[in-house]
Structure formats: structure tokens, C-alpha cells
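Note sheet for the following structure.
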Protein chains: 2
Amino acid sequence: MIKIEPPRLRASSDVPGGRRKQRVSMADVARLAGVSSQTVSRVANGSPGVVETTREQVLAAMSELGYRPNSAARSLRYGRFNTIGVILFGLSSIGNSRTVEAIATHAAAEGYAITLIPVGAPTQDNVLGAFTRMGELAVDGVILIIEVHLLDAAAVTLPPGAHVVVVDSDAGDRYPVVDTDQADGARQAVRHLLDLGHHTVWHLAGPAGSFSAERRASAWRQVLEEAGRPVPALERGDWSADSGYRAGLRLAADPSCTAIFAANDQMALGVLRALHERGRRVPEEVSVVGFDDVADAGSYLPPLTTVHQDFAEVGRRCVDALLRQIHDEPSGPGTDLVATRLVVRASTAAPEV
Amino acid sequence: MIKIEPPRLRASSDVPGGRRKQRVSMADVARLAGVSSQTVSRVANGSPGVVETTREQVLAAMSELGYRPNSAARSLRYGRFNTIGVILFGLSSIGNSRTVEAIATHAAAEGYAITLIPVGAPTQDNVLGAFTRMGELAVDGVILIIEVHLLDAAAVTLPPGAHVVVVDSDAGDRYPVVDTDQADGARQAVRHLLDLGHHTVWHLAGPAGSFSAERRASAWRQVLEEAGRPVPALERGDWSADSGYRAGLRLAADPSCTAIFAANDQMALGVLRALHERGRRVPEEVSVVGFDDVADAGSYLPPLTTVHQDFAEVGRRCVDALLRQIHDEPSGPGTDLVATRLVVRASTAAPEV
DNA sequence: CGGTGTCATGTTTACGTAAACATGACTGCC
DNA sequence: GGCAGTCATGTTTACGTAAACATGACACCG
């Protein structure tokens, strides 16, 4: 059973002085155990050189008083916080939340906690505010899940010597970057459609400001050009299923369009809906490929062929790269790409003759 | 433009001693400005009683040295961290990530940062570990997004006087609880189907250990009983679309089943797929209602009628309730329910005659 | 012109921890 | 039996900040 003692009132008179001690310190434990506070510290940290009987007395005193180490004092002493900051715009994007989860899990395994620093909207003020606060935050390093060009728009100065790792961006010349191999994933998607026999592939891209949207779009274009195929006009959405639906209606109106590569699964879902409403059968008449491989993609109608991203691996590598910096191991700017793989389901097929 | 100075090497010789100072402290600023460190403190905190010329000297020295307050020292001094811990199993559930996002945003507005404390799997060891760590964490209070009965299984002791708020649980007798009004949402869903003329409603519930799954299921049962309708056997899934698909195949095999209430949208998606594969038309032959109103629900085939949860409001109220505790304002156990509303789309209709 | 106030600024101290150094007891060796 | 060495434990100090108290300069008053 969980045991929780009722919160004591601030004004209680546990202590003769009338004001109770807010917190149990090593000195309190030391007093009760009849040793010095340094001995308590040694016990708390498992340092050698404490005789078994003494150790037991101290442990008994600790549990009697309910001693908990004060991490503020520890951090002050060590100059480290054992905490990583994660700056992001929002968790609403599925990729972000999965990356953050992986970061949190992996960081916890390494003894680090995660502090979330959300910036509400990509306005200069908000970004600036997040960074100003960051300087004061109890953080040993920062992972940016944010389009760096948005930071560029804000005149922001990171504290010199700040440890930074960037996700999903093109800042590889200035910071270590960890990212999904967007270009290769997009190439796999487009080649898959061409291999099936489609003459060319339409693309529904993400918003113009997004790095990953640009990467996926340019890889799409490149594959088509290399294969000597015509490059249809680009459609743009905002990652949402609704925007995919609207673009899908436009694409459905073009009878020559038999293959669509959507820049994420949600937009692909919208495309599927639009094609269905317009009576264009998937995959018989039109093939659709997504990107991300969200948990639900296998349950779309039809189950979606898509590019699987390993968000967990991205999070893991972010933490590793950041910890390497924090521990002063060699690491400079450069981009670490995580492989993708195409998951073929039922939304793609050879075109009807 | 973002400006970042290259991280200096630990062994640099900025300082005659050979070891550079890790960080700029108030004392350094004070030395440069020719004042005492206390005056620097006064400037930093905007305390009155500093003459304009002095203030300017100090500010100049601060920016020259790139001074940043040390939050560890601040926390030690004040006994507060301005940080809220969030303990959860995972962000993969859509509701969780949206709640966390709202918590982070609202907390930031109140000057608090968020520390994520993930517990990998609901095992005793993991939960215990999270709480043991929590005692050492730099946190003023904790929001639990976790099934409390899982905590009960682990013999865990929260530090006395710990500030706690619980989401999505039945611990209202012991802690303040903030939650979506699960029961009312489920009632709206079931009544909607009955009002359309369905004789009864099948239910695809979430996993047995989940509080919200139980709440939704018992509200479903209650509405049927009150209306004097037969209560079909309960199907169970694990929240995933796949589990919804499997349950959907079973339900599709029963020709008397014309109305299904799935405990979340993802399972509803799986049900839609199963019905489609079995050739049962939605909503003409079978009506389906979900729960959550995820962003994509309007793009399912057909667009899903579902119960909208206001995750942002849940997050906001959690933070408010926790800050109230931290600031010693009156607040005891009890449950604060956030209203839901039924969003009618195209997956429900009157049964065919 | 001395006394009293006011105000800007400096000095001391405490927050909780742990490294570095100090002490004192006991062991073992010649 | 005395001395070096080892080992458990105690004492001092520093980490960066800010409250509490102290100081010293100047102004205004009778």
C-alpha cells in the first residue's frame, strides 16, 4: 500500500521555535545518529571507510527522520544538475512525443532527468523567452526539437559552452544533429512506386518552413529526375489529416494521378478519405504511400504503405551525443542519420493497365 | 542570427591558475563592477535601493561577463525549485502527450518548469524507482498520470508533505484528482446511439487494469440498464487499433450488432477496418462511436462520431491544483471533472429497418 | 552645529552537501 | 616497546545566492 502522511501545516509547532524545519538535512541525521554530518554524507554516497555498525546507525536515523538528499545543494556542490532540457514547440506531433519519450527513458537510464521547455508558438518572443529562461534553468545541456531557422529569426545567444544537440534540422554545420534519414526514406517511397510501374509520383509535402518537409520533397524530386520522369506540381499541406484531405480532393480530380507520396501518415489518411469520397479505389486506381509509420497506419483503409521512422533510436542517439558533450568527450558538429525502412502494406499496387 | 561561441576546452588557460572558472558568479560581476556581490544580487532581483549609475555599471559587467544566475544556488537559498514533476508510463498514448503538453505550457506561464519522470513498465520496481528518485529530484510537487492502483501494488512511501495531484484515477479520497468526466462522456455516447433507434449498444472496452476503461464501461452498462435494454457481452481491447480490429471481426460476425461504442478512437479505427473488410457498411448497417476525438478522427472512413476530451483543460487544472497546494492554499482530496462533449460525424445513423 | 533620519552600499551568515585535510586509535613490525 | 602505517571519523571550507544586519555619507532640523 502507498503510504502518504498528511501534509503538515506550515505553522505547526513541531519544533520549540514554533517554525518547523522544512526539510531533514544531513545535520539532523548526524545529530540523531551521534556522528558527524560528513559520516552521513559518506553513508549516503556509499563511500568506503564507514564501519558497519556506524553505517547501520546512520541508516536507521535516516529512515526514522525520512531523510531525502537535497538535490539543490548537491547540484551547487557538484556544478551539475543531472538534467537535460528539451526545447520544443509542441508534443502534438506524433513524432515529437515519441522522440521525447525515448529521450526521457534513455536519459533516465543514464541518471538524467528531463526538463521540458515548451515554446508556445514559433514567434521570436517565445523562442527568445525560452532561451532566456534556459540560461537560468537547472540544465546541463539542451536538445532542440525545433526548426533551427526559426531560432535564427530570433536574435538569441546561447550561453558560451552550452551543450546542444539538434533534432530534425539542417544545422549540422554548427551543432551535432541527430535525425531520421529523411532523404533516404523518401527515396525508398518514391522508388517503390516507380518499381510498381507507375509512370510518375505526385507529392503532398509538409509546410514550407519545415526542414523535414523540404528534405522529403527534394528527395522525391531527385528520384523522379534521375529516372527521367516528369515532375508533377507539388501539393502542400500542414501535416494535418484535414490538409491531406483537401489536397487529396485536388489530386483525385486529376485522372492521370495514379501514385501519391504523402509527407506524413496523417496527410496520407486525409488523402485516402478524399480518394474514397471521389470513388477512386486504393490501391487499384491510385497508390498512396505515407511517412512515419504511426501506430495506426496498419489500420487505415486500406492499411497504409509507409516509411517507418525509428523515433526511439533518434531519442537515444540525442541523449548519447549530448552526454558525450557534457562529459567532454570529442564530438563536433555533424549529422547522425537514423535509417528508415519502407513498410509495404495494402495501399500500393501496380497501376491498372 | 543565433550566436554561439564554441565550447571552450576544459584545459584552457583563461585563468592564470590554468583552470578556467566554470561559471560566472555574482562575485565575478561584483569585482568587475567594483561593488559588492550583494549589490549585484539587488540588481539581479530588481530590489529597490540601488542608484541608477551603480545599476548600470552592474548591468554592464553582467553582460560583459555573460552572467547567468545559478539556479541551484537559488533553489538552495529559497528552498523551492520552481519545477513540477510529471510521473507517467509513456507519452505514446495520445491523451497523455496532450495532457503533458498542456501541463508544460500552463506551468511555464506560471514560471514553473516541467520534469518528466517516465516509468518504463508498470512493474513494482520501476514505480518504486521513480518515487525513490523523486525524493531526490528538484521538484516542488508531482502530477501523477498513472493508475494509482498500480502504485498501491508497490510499497511506496511518498515523502511526508509531498504535493501531489493525480490524473485519470479513482484516488479522489486520498489526493486531489483532475480527470475528464469519463462517465458522462460514455453516457452521451451510448444515449446518442439509443436515441438514433438502436435497440442496444455493444461496447469495446479498454484493458481491465485501466481506470478510465472501467469508468467508461460501467457508464455504458448503467445507461443500458436504466433504459431496460439487454447488455451484450463486453469486448476488451488494449487501446490499440489492432486490438480494435480483432474485436471488430468478432462483432462483425454477429448480425444483431448494429451499434458499437469503442472506448477510444484508435480501437474505433480498428473496428471500422474490420467492419469494412467484412462488408458491413458504416453507418448504414452498423454505427460506431469512439472516445477522445483525436485530431485524425474526422478523417477516418467514415469520419468518426466520438466523445471530445479537453486534454488542455485537464492539464491546466492539474497545474492550478498543484500550485494551490504548493502555495499552501486550501485544497484537499476530491475530484475535479472536466466536461466532455459528443462530436457527431458520419459514423452513426439510425439503424436500417 | 550637533543630532537624528534616510538611503546606498558593504559584511556576515545560512541554505545542504562533500572534498580536502586533520585527528586519534589501533595494528603490526623490528 | 616505540614508531610508522592504516583506518574510521571529525573539522574546515567552498559552491552561489540573498536575507539580515552593519556602516558610513549626507540632509534636514532645531
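The values are calculated or read from the model by the stated rules, or taken from the named source; none is laboratory data. Model, not experiment: these values are computed from the prediction. For neighbour counting, all protein chains shown are included, and Cβ atoms are generated from backbone atoms with ideal geometry for every residue, glycine included. Surface areas here come from the heavy atoms of the whole protein model, side chains and all, with no ligands, DNA or RNA. Shrake-Rupley method; radii C 1.70, N 1.55, O 1.52, S 1.80 Å.
So is B:Thr200 open to solvent by less than 30 Å² (accessible area, probe 1.4 Å), of a type in the set (S, T, N, Q) and in contact (Cβ under 8 Å) with a residue 24 or more places away in the chain or not?
Answer is yes for this residue.
Looking at the structure I just gave you, is A:Arg317 free of Cβ contacts under 8 Å to residues at least 12 places away in the same chain and either open to solvent by 60 Å² or more (accessible area, probe 1.4 Å) or closer than 30 Å to A:Val166 by Cβ (or both)?
The answer is no for A:Arg317.
Looking at region A:293-311, is at least one residue open to solvent by less than 30 Å² (accessible area, probe 1.4 Å) and out of contact with any helix residue (DSSP H, G or I) (no Cβ under 9 Å at 6 or more places or on another chain)?
The answer is no; no qualifying residue exists.
What is the one condition in (1) facing another protein chain (nearest Cβ under 7 Å); (2) modelled with pLDDT under 80; (3) open to solvent by 50 Å² or more (accessible area, probe 1.4 Å) that B:Lys21 does not satisfy?
It fails just one condition, (1).
So, in region B:57-78, exactly how many residues are among the charged types (D, E, K, R) and either outside any helix (DSSP H, G or I) or open to solvent by less than 40 Å² (accessible area, probe 1.4 Å) (or both)? Step through it out loud before you land on a result.
The initial filter retains those residues of region B:57-78 that are among the charged types (D, E, K, R), namely B:64, B:68, B:74, B:77.
With the extra rule that they be either outside any helix (DSSP H, G or I) or open to solvent by less than 40 Å² (accessible area, probe 1.4 Å) (or both), the set shrinks to B:68.
Of the residues in region B:57-78, 1 are among the charged types (D, E, K, R) and either outside any helix (DSSP H, G or I) or open to solvent by less than 40 Å² (accessible area, probe 1.4 Å) (or both).
Please go through region A:20-47 and pick out each residue that is within 11 Å of DNA strand C (Cβ to nearest atom), without any contact (Cβ under 8 Å) to a residue 24 or more places away in the chain and in a loop (DSSP other than H, G, I, E, B).
Correct list: A:Lys21, A:Gln22, A:Ser36, A:Gly46, A:Ser47.
Would you confirm whether any residue within region B:162-178 is modelled with pLDDT of 65 or more, among the hydroxyl-bearing types (Ser, Thr, Tyr) and farther than 21 Å from B:Ser97 by Cα?
Yes, there is a match, as at least one residue in region B:162-178 is modelled with pLDDT of 65 or more, among the hydroxyl-bearing types (Ser, Thr, Tyr) and farther than 21 Å from B:Ser97 by Cα.
Working only within region A:268-317, note down all residues that are of a type in the set (Asp, Glu) and in contact with a His (Cβ under 7 Å, 6 or more places away or on another chain).
From region A:268-317, those of a type in the set (Asp, Glu) are A:277, A:284-285, A:292-293, A:296, A:310, A:313; that's our starting set.
Across region A:268-317, the qualifying residue is only A:Asp293.
Counting only residues that are in contact with an Asp or Glu (Cβ under 8 Å, 6 or more places away or on another chain) and among the polar types (S, T, N, Q), give me the strands (runs of 3 or more DSSP E) lying completely in region A:155-262 with at least 1 of them.
Because the criterion is at least 1 residues that are in contact with an Asp or Glu (Cβ under 8 Å, 6 or more places away or on another chain) and among the polar types (S, T, N, Q), the strands (runs of 3 or more DSSP E) in region A:155-262 that meet it are A:176-180.
Does A:Ala259 satisfy the criteria of being surrounded by fewer than 18 Cβ atoms within 10 Å (Cβ to Cβ), modelled with pLDDT of 95 or more, more than 17 Å from B:Pro302 (Cα to Cα) and out of contact with any Pro (no Cβ under 7 Å at 6 or more places or on another chain)?
no
Of all residues being polar (S, T, N, Q) and more than 9 Å from DNA strand C (Cβ to nearest atom) in region B:52-74, which is farthest from the chain's Cα centre (by Cα)? Just the residue, please. Give the steps one after another, and end with the answer.
Applying the first criterion (polar (S, T, N, Q)) to region B:52-74 yields B:53-54, B:57, B:63, B:70-71.
Next, from what is left, pick out any that are more than 9 Å from DNA strand C (Cβ to nearest atom): B:63, B:70-71.
Details: B:Ser63: 38, B:Asn70: 29, B:Ser71: 26 Å.
It comes out as B:Ser63.
Answer with yes or no whether A:Arg281 is open to solvent by 50 Å² or more (accessible area, probe 1.4 Å), out of contact with any Phe, Trp or Tyr (no Cβ under 8 Å at 6 or more places or on another chain), of a type outside the set (Ser, Thr, Tyr) and farther than 23 Å from A:Trp220 by Cα.
Details: open to solvent by 50 Å² or more (accessible area, probe 1.4 Å): yes; out of contact with any Phe, Trp or Tyr (no Cβ under 8 Å at 6 or more places or on another chain): yes; of a type outside the set (Ser, Thr, Tyr): yes; farther than 23 Å from A:Trp220 by Cα: yes.
In short, yes.
Among the residues of region B:242-299, write down those that are of a type in the set (Gly, Ala, Ser) and over 24 Å from B:Asp179 (Cβ atoms).
Within region B:242-299, B:Ala247, B:Gly248, B:Ala252, B:Ala253, B:Ser256, B:Ala259, B:Gly270, B:Ala274, B:Gly279, B:Ser287, B:Gly298, B:Ser299 qualify.
Specify the residue that is farthest from A:Ala162 (Cα to Cα); the eligible residues are those in region A:98-114 that are at the interface with chain B (Cβ under 7 Å from one of its Cβ atoms) and open to solvent by 10 Å² or more (accessible area, probe 1.4 Å).
Among those residues, the one meeting the criterion is A:Arg98.
Which one of the conditions (1) under 30 Å from B:Thr105 (Cβ atoms); (2) at pLDDT below 90 does B:Ala72 fail to meet, given that it meets all the rest?
Of (1) under 30 Å from B:Thr105 (Cβ atoms); (2) at pLDDT below 90, only one is false for B:Ala72: (2).
Tally time: how many residues in region A:79-93 are of a type in the set (Ser, Thr, Tyr) and more than 9 Å from chain B (Cβ to nearest Cβ)?
Result for region A:79-93: 1.
Being within 16 Å of DNA strand D (Cβ to nearest atom), more than 9 Å from chain B (Cβ to nearest Cβ) and crowded, with 22+ Cβ neighbours inside 10 Å narrows it down to one residue among A:Thr39, A:Thr54; which is it?
A:Thr39
What strands (runs of 3 or more DSSP E) completely inside region A:271-353 contain at least 3 residues that are over 21 Å from A:Ala205 (Cα atoms)? Before the answer, list the steps.
Details: elements: A:287-292, A:305-308, A:334-338, A:341-343.
Of the strands (runs of 3 or more DSSP E) lying wholly inside region A:271-353, those with at least 3 residues that are over 21 Å from A:Ala205 (Cα atoms) span A:334-338.
Quick check on my filter: what residues within region B:203-233 are surrounded by 22 or more Cβ atoms within 10 Å (Cβ to Cβ) and among the polar types (S, T, N, Q)?
Once the filter is applied, which keeps residues that are surrounded by 22 or more Cβ atoms within 10 Å (Cβ to Cβ) and among the polar types (S, T, N, Q), region B:203-233 yields only B:Ser212.
List pairs: first residue in region A:165-179 and at positive phi, second residue of a type outside the set (D, E, K, R) and modelled with pLDDT of 80 or more anywhere in the structure, Cβ distance under 8 angstrom, at least six positions apart or on different chains.
A:Asp168/A:Ile145; A:Asp168/A:Thr180; A:Asp168/A:Phe211; A:Asp168/A:Ser212
Could you say which residue among A:Arg236, A:Arg341 is touching a residue at least 12 places away in the same chain (Cβ under 8 Å), of a type outside the set (A, V, I, L, M, F, W, C), within 30 Å of A:Thr105 (Cα to Cα) and open to solvent by 60 Å² or more (accessible area, probe 1.4 Å)?
A:Arg341
Would you mention how many residues in region A:115-145 are at pLDDT 75 or above and more than 9 Å from chain B (Cβ to nearest Cβ)?
Final tally of qualifying residues: 6.
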